[in-house]
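Quick notes on the structure that follows.
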Amino acid sequence: GINVCVSTYTMLSTACRHDADGDLDPPRGRERPAVSLSRALDGGYLASSLSFSHDRITDATGKAVMMRWEEPIMRAHAAALCCGAPSLSGSDVLNIGFGMGLFDEAAQALGPRSHTIVEAHPDVWANMHARGWASRPRCALVFGRWQEA
């Protein structure tokens, strides 16, 4: 419930700094993702082409959208959902935005009862399917913006 949300916010706030727009700044020495919160909300991001590699997703200009250095934060976020329990057994997980799947891999490893992922970017959606997420047990994929899903 609310305690998990507060704990997760506290943990993420400790791991990253926020800038004036409310976006997360990476730890020192790490590249910052190029997609700002305002660009993601105005739909420009959803119309852009993305490229995928092992360590990042980049937009058409080569700027990073998501990077592998975010994995420890995503694993910690998934673990925080357990509230101290060893797994997510009996829990339902909802993730808005798949990106590189870092959070989703961590959540799946914790064995939730169900796992729903809402993704709006067509390139990320195609990448999810190419990686077999549509056939994972107890995993449901929903295409679209979360406001419309």
Exercise. Pick from region 71-93 the residues that are in contact with a Lys or Arg (Cβ under 9 Å, 6 or more places away or on another chain) and on the phi < 0 side of the Ramachandran plot: which of them is surrounded by the most Cβ atoms within 10 Å (Cβ to Cβ)?
Worked result: LEU88
For this session: Residue by residue through region 48-68, note down the ones that are assigned to a strand (DSSP E or B) and not hydrophobic (A, V, I, L, M, F, W, C).
Result: SER51, ARG56, THR58, ASP59
Seminar exercise, completed: Within region 103-124, residues being open to solvent by less than 60 Å² (accessible area, probe 1.4 Å), within 20 Å of MET74 (Cα to Cα) and in a helix (DSSP H, G or I) number 6
Exercise. Out of curiosity, is SER49 without any contact (Cβ under 8 Å) to a residue 40 or more places away in the chain, more than 21 Å from GLU148 (Cβ to Cβ) and of a type in the set (S, T, N, Q)?
Worked result: no
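The values are calculated or read from the model by the stated rules, or taken from the named source; none is laboratory data. Since we're looking at a predicted model, the values are computed, not measured. All Cβ positions, glycine included, derive from the backbone under ideal geometry; neighbour counts span all protein chains shown. Only protein heavy atoms, including side chains, enter the accessible area calculation; ligands, DNA and RNA are left aside. Shrake-Rupley method; radii C 1.70, N 1.55, O 1.52, S 1.80 Å.
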